[in-house]
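The values are calculated or read from the model by the stated rules, or taken from the named source; none is laboratory data. Note that this is a predicted model, so its numbers are computed, not measured. Positions of Cβ are backbone-derived with ideal geometry, glycine not excepted, and every protein chain shown enters the neighbour counts.
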Amino acid sequence: MKKLLILSTILMIFGITTACADNDKPIAVTQLPAKAQQFIKSYFPNEKVALAKVEREFLETRYEVVFTNSSKVEFWKDGEWKEIDCKYSVVPTKLIPTQIAQYVSQNYPDTQIVKIDRDKRDYEVKITNGLELTFDKQFNLIDIDD
Amino acid sequence: MKLIYRIALRLSAVLIPLMALWATLFYFMTVDEINDEADDALADYSELIIVRMLAGRELPPLNSGSNNSYSITPVTREYADSKSHIEYYDAEVYIPEKEETEPARILSTIFCDNDDNYYELKVAMPTFEKEDLVRTILFWIALLYLVLLLTLIGVTTWIFHRSMRPLYALLHWLDNFTLGKTNTPVPDDTHITEFHKLNVAAQEAANRSAMLFERQKQFIGNASHELQTPLAILGNRIEWLLDNTELNEKQIEELFKMQRSLSHIVRLNKTLLLLTKIENGQFPESTEVDIAALIREQAPLYNEIYESRQIDCRIDLPDRFVVSMNDSLASTLITNLLKNAYVHTEPGHGIDIALHNRTLTIANDGNTPLDADHIFDRFYQGNKKEGSTGLGLALVKAVCRYYNLDIEYRYTDGRHCFAVTWPQK
């Protein structure tokens with residue numbers, strides 16, 4: 001009986017937390033984590049924010065900012081950037097790790113980087129000719145995808 | 001209640017609510033996930049439009065074959081400030097292709113462009129597909145719940161039954177076990193340690209009781225046998241005293257009393273010896289015995305002995321009823337039953353003796369029913385009667401057991417009724 005009680009309680013808690021996974025919420029720039037605000041000031045100083053929102057999901061929270069020039073930046077919960085998507089412009093050079101920038105300029109001289117995505121394992125960059133390059137944390141190319 | 005039903009019941013009692021809880025939870029989580037995914041798709045769609053619009057690129061066609069639709073309207077700053085910039089809601093939406101309204105999920109997003117102009121973007125996605133999906137999921141979860149529950153309980157019951165086979169074999173053996181007869185050894189067709197131990201223990205217990213039973217039987221037999229000679233000598237000594245000594249009246253009276261008691265002991269001893277002999281199967285020779293003739297011969301004798309009690313004996317017998325029995329055992333059976341009836345009938349009452357359909361019925365009047373469970377036990381006497389050993393019915397029972405006769409006692413309409421049935425040949 002005791003076991004049953006514990007089990008149902010666990011199930012309940014699990015159910016409630018999952019049910020709490022909620023929709024996107026609008027957020028003011030000033031409500032972003034300090035690190036993210038700092039990031040915007042230093043790398044996108046002239047851009048205006050068209051829309052900022054927070055996505056709360058089970059176990060993780062993410063922030064997303066769309067600038068009026070159509071660039072989009074995603075942040076982790078702690079304010080570290082996760083993805084910079086400048087589909088119709090170019091990712092600021094300062095944000096691209098030098099090894100990756102070098103590799104791209106050497107191998108694809110007439111292209112620009114429009115999107116960079118990083119996580120615990122690797123970097124993914126997308127360049128204007130449509131290729132997607134994946135680098136590991138030591139900046140070795142591990143995958144090319146078109 | 002059988003153990004297996006108890007287990008199935010308990011299992012159901014635990015599993016039914018638990019699995020119902022699980023199924024409900026699973027259903028709601030799935031529905032939640034579907035809603036979540038639909039909302040995510042809406043968010044992606046909305047973001048795509050916003051980014052394209054801000055970049056000044058061509059917007060996707062208003063209706064790209066799917067039922068999704070969107071609209072962008074410029075709004076004032078005040079309106080933008082008054083409303084949440086991201087809002088999900090359900091509403092009816094008109095779909096031009098179908099020319100009808102459908103329930104839809106709508107995401108409205110307010111954003112501003114570089115020149116501080118505010119726009120409101122509404123993207124809509126019909127929900128009928130989602131509802132279909134949810135309905136299907138509900139159906140399948142309910143079905144899964146039932147099937148899973150039934151399978152689980154069914155399989156458990158089956159496995160339990162299979163695993164408990166040695167136990168049922170042992171129980172079956174116990175049912176057939178009778179002390180004093182040759183029994184088959186305990187079935188031990190198992191590799192399971194626990195069942196094997198149980199079987200060994202059962203076998204040991206059976207062997208031990210069989211040995212004790214045998215020893216007890218032997219002891220009674222030997223004791224009775226050894227007592228015979230000293231009892232006879234004692235009788236002779238008393239007779240010698242009566243014949244050869246000068247005694248006064250008081251002494252003679254006491255000696256007669258001793259003689260009476262002694263003859264009771266001798267009778268008791270003889271009966272015990274007879275019982276032992278019957279139980280040891282020492283009456284192998286069988287002859288054709290006519291039970292009807294035997295009763296006709298014995299009943300008048302008892303009528304004479306108990307004449308003073310004025311018992312009315314009615315006899316209803318066929319001409320002949322021949323069975324194969326040892327003749328002395330047959331007469332033991334009949335005389336003990338008759339004697340029992342005569343001794344326990346109140347003066348002036350009646351006894352009925354009938355023999356029909358291989359069943360001998362001896363009924364006599366009586367006031368209170370006897371204890372049917374113990375009436376055939378040795379030395380069991382409801383109320384002591386002078387000259388009764390308390391072994392008569394035990395003898396009857398022993399003879400019946402020896403020949404596989406069916407003996408039954410019942411009390412109906414103020415009569416004790418003993419019925420002995422000879423099995424069909």
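For the stretch A:45-78, which positions are in contact with an Asp or Glu (Cβ under 6 Å, 6 or more places away or on another chain) and farther than 20 Å from B:Ser84 by Cα?
So the first thing to find is which residues in the stretch A:45-78 are in contact with an Asp or Glu (Cβ under 6 Å, 6 or more places away or on another chain), and the list is A:53, A:55-56, A:62, A:64, A:67-69, A:72, A:74.
Scanning the stretch A:45-78 gives A:Asn69, A:Lys72, A:Glu74.
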Review point. For residues in the stretch B:276-300 being surrounded by fewer than 17 Cβ atoms within 10 Å (Cβ to Cβ) and of a type in the set (Ser, Thr, Tyr), which is modelled with the lowest pLDDT?
Key: B:Ser286
Check your understanding: So, in the stretch B:109-131, of the ones that are among the polar types (S, T, N, Q) and either part of a strand (DSSP E or B) or within 14 Å of another protein chain (Cβ to nearest Cβ) (or both), which residue ends up surrounded by the most Cβ atoms within 10 Å (Cβ to Cβ)?
Key -> B:Thr109
Review point. If we keep just the residues of the stretch A:54-100 that are in contact (Cβ under 8 Å) with a residue 24 or more places away in the chain and of a type in the set (Lys, Arg), which is nearest to B:Glu58 (Cα to Cα)?
Key: A:Lys87
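Would you mention how many residues in the stretch A:30-55 are hydroxyl-bearing (Ser, Thr, Tyr) and either farther than 25 Å from B:Ser108 by Cβ or buried (at least 16 other Cβ atoms within 10 Å of the Cβ) (or both)?
Of all residues in the stretch A:30-55, those hydroxyl-bearing (Ser, Thr, Tyr) come to A:30, A:42-43.
Then keep just the ones that are either farther than 25 Å from B:Ser108 by Cβ or buried (at least 16 other Cβ atoms within 10 Å of the Cβ) (or both); that gives A:42-43.
Summing the residues that are hydroxyl-bearing (Ser, Thr, Tyr) and either farther than 25 Å from B:Ser108 by Cβ or buried (at least 16 other Cβ atoms within 10 Å of the Cβ) (or both) in the stretch A:30-55 gives 2.
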Exercise for review: Can you tell me which residue within the stretch A:56-72, out of those that are surrounded by fewer than 19 Cβ atoms within 10 Å (Cβ to Cβ) and more than 11 Å from the chain's Cα centre (by Cα), is modelled with the highest pLDDT?
Suggested key: A:Thr61
Revision key, fill the gap. Apart from one, (1) at negative phi; (2) within 14 Å of chain A (Cβ to nearest Cβ); (3) more than 60 Å from the chain's Cα centre (by Cα) all hold for B:Ala91; the odd one out is (2)
Practice item. Filter the stretch A:56-85 for residues that are within 18 Å of B:Thr109 (Cα to Cα), in a loop (DSSP other than H, G, I, E, B) and more than 8 Å from every other protein chain (Cβ to nearest Cβ) and give the result. Key: A:Ser71
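Given the options B:Asp373, B:Asp365, name the one that is surrounded by 18 or more Cβ atoms within 10 Å (Cβ to Cβ) and of a type in the set (Asp, Glu). It would help to see each step written out before you state the result.
Working: B:Asp373 fails: surrounded by 18 or more Cβ atoms within 10 Å (Cβ to Cβ).
Result of the check over B:Asp373, B:Asp365: B:Asp365.
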Check your understanding: Out of curiosity, is B:Thr332 β-branched (Val, Ile, Thr), out of contact with any Lys or Arg (no Cβ under 6 Å at 6 or more places or on another chain), over 28 Å from B:Leu272 (Cα atoms) and at pLDDT below 90?
Key -> no
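Conditions (1) within 14 Å of another protein chain (Cβ to nearest Cβ); (2) in a helix (DSSP H, G or I), marked per residue:
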| position | (1), (2) |
| --- | --- |
| B:Tyr45 | yes, yes |
| B:Glu58 | yes, no |
| B:Ile72 | yes, no |
| B:Leu133 | no, yes |
| B:Val147 | no, yes |
| B:Leu150 | no, yes |
| B:Ile159 | no, yes |
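Condition first: polar (S, T, N, Q), free of Cβ contacts under 8 Å to residues at least 40 places away in the same chain and assigned by TED's automatic domain parsing to the domain that holds B:Ala41. Can you find one or more residues in the stretch B:90-106 that meet it?
Yes, the stretch B:90-106 contains a residue that is polar (S, T, N, Q), free of Cβ contacts under 8 Å to residues at least 40 places away in the same chain and assigned by TED's automatic domain parsing to the domain that holds B:Ala41.
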Exercise for review: Kindly check whether there is at least one residue in the stretch A:86-98 that is polar (S, T, N, Q), part of a helix (DSSP H, G or I), over 14 Å from the mean Cα position of the chain (by Cα) and closer than 17 Å to A:Asp136 by Cβ.
Suggested key: yes
Check your understanding: Looking at (1) surrounded by 16 or more Cβ atoms within 10 Å (Cβ to Cβ); (2) touching a helix residue (DSSP H, G or I) at 6+ places or on another chain (Cβ under 7 Å); (3) modelled with pLDDT of 85 or more, can you tell me which one B:Pro318 breaks?
Key -> (1)
Exercise for review: Please specify each residue of the stretch B:10-24 satisfying the condition of being more than 11 Å from every other protein chain (Cβ to nearest Cβ) and either farther than 27 Å from B:Leu138 by Cα or not hydrophobic (A, V, I, L, M, F, W, C) (or both).
Suggested key: B:Arg10, B:Ser12
